[in-house]
Amino acid sequence: MDADGPIVTPFTRLLGIRHPIVSAPMGRASRPELAAAVTNAGGLGGLGFSWDSPQRIEELVGAMRRLTNDGPRQLRPRMGSNEL
């Protein structure tokens with residue numbers, strides 16, 4: 001394996017990424033800048049938007065799209081009620 005080359009695994013082939021690195025889409029902790037950096041570096045950047053309004057979600061997704069190259073992205077909205 002070349003130090004600058006991709007890490008090829010079934011996981012990376014399935015997702016079309018260069019490295020088996022995934023940033024978790026954890027609500028407001030995963031910002032567009034972090035998700036874009038992971039995607040641009042060859043991993044799978046994740047953007048979460050728990051508790052955000054539809055307008056804010058559009059802003060976050062737009063920011064991630066502007067910051068990323070053509071790599072894959074994962075977006076994770078919060079589903080369900082606040083009651084457990």
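Observations on the structure shown:
- Most mobile of THR68, THR39, THR12 in a GNM of the chain (Cα contacts under 10 Å): THR12
- Mean separation of Cα contacts under 8 Å, 6 or more apart, over the residue count of the chain: relative contact order %: 28
- Residues considered: LEU14, LEU60, LEU34. Largest GNM mean-square fluctuation over the chain, using C-alpha springs under 10 Å, is found at LEU14.
- Using a Gaussian network model of the chain in which every pair of alpha carbons under 10 angstrom is joined by a spring, one finds that among ARG18, ARG66, ARG31 the greatest mean-square fluctuation is at ARG66.
- Label-point gap, in nm, between ASP52 and ALA29 - each point 7 angstrom along Cα→Cβ: 1.6
Coordinate-derived values only; no laboratory data. The structure presented is a predicted model; accordingly, all values stated were derived computationally and were not measured. Reconstructed Cβ throughout: ideal geometry from the backbone, glycine too, with neighbour counts over all protein chains shown.
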